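One structure is given below, encoded as structure tokens.
The values are calculated or read from the model by the stated rules, or taken from the named source; none is laboratory data. Everything numeric here is computed off the predicted structure, so don't read it as measured data. Don't worry about glycine lacking a Cβ; one is built from the backbone with ideal geometry, like all the others, and counts go over all protein chains shown.
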Amino acid sequence: MVWDSSYLNLLLETEAGDGSFLITLFRMPVRRIVAALLPRSGRLLLCRRPAGKLQAGKWEFPGGKLEPGEREPVALARELAEELGIAARPERMRLLLRRRQWYAETGWLDLAFYQVNGWRGRPGRRHYSVLRWVPLHRLSRYDLLTADRLALGKLSAALKR
């Protein structure tokens with residue numbers, strides 16, 4: 001399945017005063033995002049967004065935006081190198097979940113969550129204020145970004161498969 005839409009098309013049907021209907025098409029841009037679930041000894045890496053960023057102080061799975069024409073696993077490997085200083089191999093990533101999320105600040109996001117198996121290096125705080133390894137059953141106790149929080153149940157089930 002290819003999920004490469006860069007726009008969300010919305011049709012709005014409204015009744016005109018004369019009993020006819022007007023149909024309007026809205027094309028809303030959709031930003032594609034990849035996120036990594038990095039397992040280590042029964043825990044996952046959570047990252048806290050620093051002051052000055054949108055939703056500062058919230059926790060998230062590391063990742064970021066895709067560049068035009070970039071494949072998801074390649075983009076995720078690039079983002080992990082930039083944000084955490086680790087080397088992840090795209091062929092060792094497993095897609096767990098896709099979901100679409102609306103944020104008032106940024107609009108629609110298409111998110112792809114990947115389990116990243118095996119990487120080189122030690123994660124560092126290049127773009128985050130805090131990094132924390134959290135047991136799966138305690139993730140819901142953190143103030144996660146909405147998309148990450150709403151995906152927790154399905155991600156937990158997918159990780160156990």
Read through the list (1) loosely packed, with under 15 Cβ neighbours inside 10 Å; (2) assigned to a strand (DSSP E or B), then give the number of the only condition that W108 fails.
(1)
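Checking the structure you have, find out if any residue of the range 65-80 is touching a residue at least 40 places away in the same chain (Cβ under 8 Å), over 19 Å from S41 (Cβ atoms) and assigned to a strand (DSSP E or B).
no
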Flagged in the range 119-153 as exposed (fewer than 12 other Cβ atoms within 10 Å of the Cβ), of a type in the set (G, A, S) and closer than 12 Å to L38 by Cβ, in numbering order, are none
Please determine whether any residue of the range 143-151 is over 17 Å from L95 (Cβ atoms), of a type outside the set (A, V, I, L, M, F, W, C) and free of Cβ contacts under 8 Å to residues at least 24 places away in the same chain.
yes
Mind listing whichever residues of the range 112-161 are touching an Asp or Glu at 6+ places or on another chain (Cβ under 9 Å) and part of a strand (DSSP E or B)?
A112, F113, Y114, L144
Out of contact with any Phe, Trp or Tyr (no Cβ under 6 Å at 6 or more places or on another chain) and within 17 Å of E60 (Cβ to Cβ): which single residue out of A157, A112 fits that description?
A112
State which residue is farthest from Y114 (Cα to Cα) when the search covers only the range 66-93 and only residues that are modelled with pLDDT of 95 or more and surrounded by fewer than 14 Cβ atoms within 10 Å (Cβ to Cβ).
E82
Log entry, pairs with first residue in the range 87-105 being under 20 Å from V74 (Cα atoms) and touching a residue at least 24 places away in the same chain (Cβ under 8 Å), second being polar (S, T, N, Q) and outside any strand (DSSP E or B), beta carbons closer than 8 Å, six or more apart or on different chains, reads R92/N117; M93/N117
Take the residues in the range 54-64 that are loosely packed, with under 14 Cβ neighbours inside 10 Å and either of a type in the set (A, V, I, L, M) or part of a strand (DSSP E or B) (or both), then tell me which one is modelled with the lowest pLDDT.
L54
